[in-house]
C-alpha cells in the first residue's frame, strides 16, 4: 500500500456526465462516497477466476486470485494492481480509516484495513457497485 506521488485523475467528467453513465446507486457510491448495504453486493460471493475493473472508468483494479472471504459483507482483496488505487485519510463517521479511490477517475471504491491475510496483511473492502467483473474463459 503505497502512493509515491499523488496522481491527477486521467478521467475527469462533470457530475452530469457521470450521472448519464452510471446507475443512480453507482453514482451514489462512486461519486458521493456512499456504501452499499453489507452482504447485498452482487460480487460478494463471486468465485470465478477473472479481473475486477472500476465501474466508473474501466481501469483494472484487482485480480480474482487476491479475493478472499473476510466475512465483512463486502468483496475483499488482499492486494490491488500496481498504481491503480489512491489512498486518502478518512476521518468521517467518528473513525480513522483509509479510503481507497480509483487512481484513474477518483471513484470511491471503499476502504483498506490492516487486518487482511498474508502475504500483504491488507483487506481492501470494496463496494460491488464500484466494480465490474470479467470472468476468464476456461482453456
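For segment 106-124, a residue qualifies if it is on the phi < 0 side of the Ramachandran plot and surrounded by fewer than 22 Cβ atoms within 10 Å (Cβ to Cβ), and the qualifying residues are 111, 113, 114, 115, 116, 117, 118, 119, 120, 122, 123. Only residues that are outside any loop (DSSP other than H, G, I, E, B) and either more than 21 Å from residue 36 (Cβ to Cβ) or over 9 Å from the mean Cα position of the chain (by Cα) (or both) were counted across segment 78-103, and they come to 11. Against the conditions (1) assigned to a loop (DSSP other than H, G, I, E, B); (2) in contact with a strand residue (DSSP E or B) (Cβ under 7 Å, 6 or more places away or on another chain), residue 37 satisfies every one except (2). Scanning segment 46-60 for residues that are in a loop (DSSP other than H, G, I, E, B) and within 16 Å of residue 78 (Cα to Cα) turns up 46, 47, 49.
Among all positions in segment 104-125, there is no residue which is in contact (Cβ under 8 Å) with a residue 12 or more places away in the chain, more than 19 Å from residue 51 (Cα to Cα), part of a strand (DSSP E or B) and touching a helix residue (DSSP H, G or I) at 6+ places or on another chain (Cβ under 9 Å). How many of the residues in segment 1-32 are at pLDDT 95 or above, part of a loop (DSSP other than H, G, I, E, B) and out of contact with any helix residue (DSSP H, G or I) (no Cβ under 7 Å at 6 or more places or on another chain)? Of the residues in segment 1-32, 2 are at pLDDT 95 or above, part of a loop (DSSP other than H, G, I, E, B) and out of contact with any helix residue (DSSP H, G or I) (no Cβ under 7 Å at 6 or more places or on another chain). Reported count of residues in segment 54-75, each being surrounded by 16 or more Cβ atoms within 10 Å (Cβ to Cβ) and under 15 Å from residue 106 (Cβ atoms), is 6. Residues in segment 34-50 that are crowded, with 16+ Cβ neighbours inside 10 Å and under 14 Å from the mean Cα position of the chain (by Cα): 35, 36, 41, 43, 44. For residues that are in a strand (DSSP E or B) and under 13 Å from the mean Cα position of the chain (by Cα), scanning just segment 126-139, find the one that is farthest from residue 42 (Cα to Cα). Restricting to residues being in a strand (DSSP E or B) and under 13 Å from the mean Cα position of the chain (by Cα), the top hit is 126.
The values are calculated or read from the model by the stated rules, or taken from the named source; none is laboratory data. As the structure is a prediction and not an experimental result, all values here were calculated from the model. Cβ: placed from backbone, ideal geometry, glycine included. Neighbour counts: every protein chain shown.
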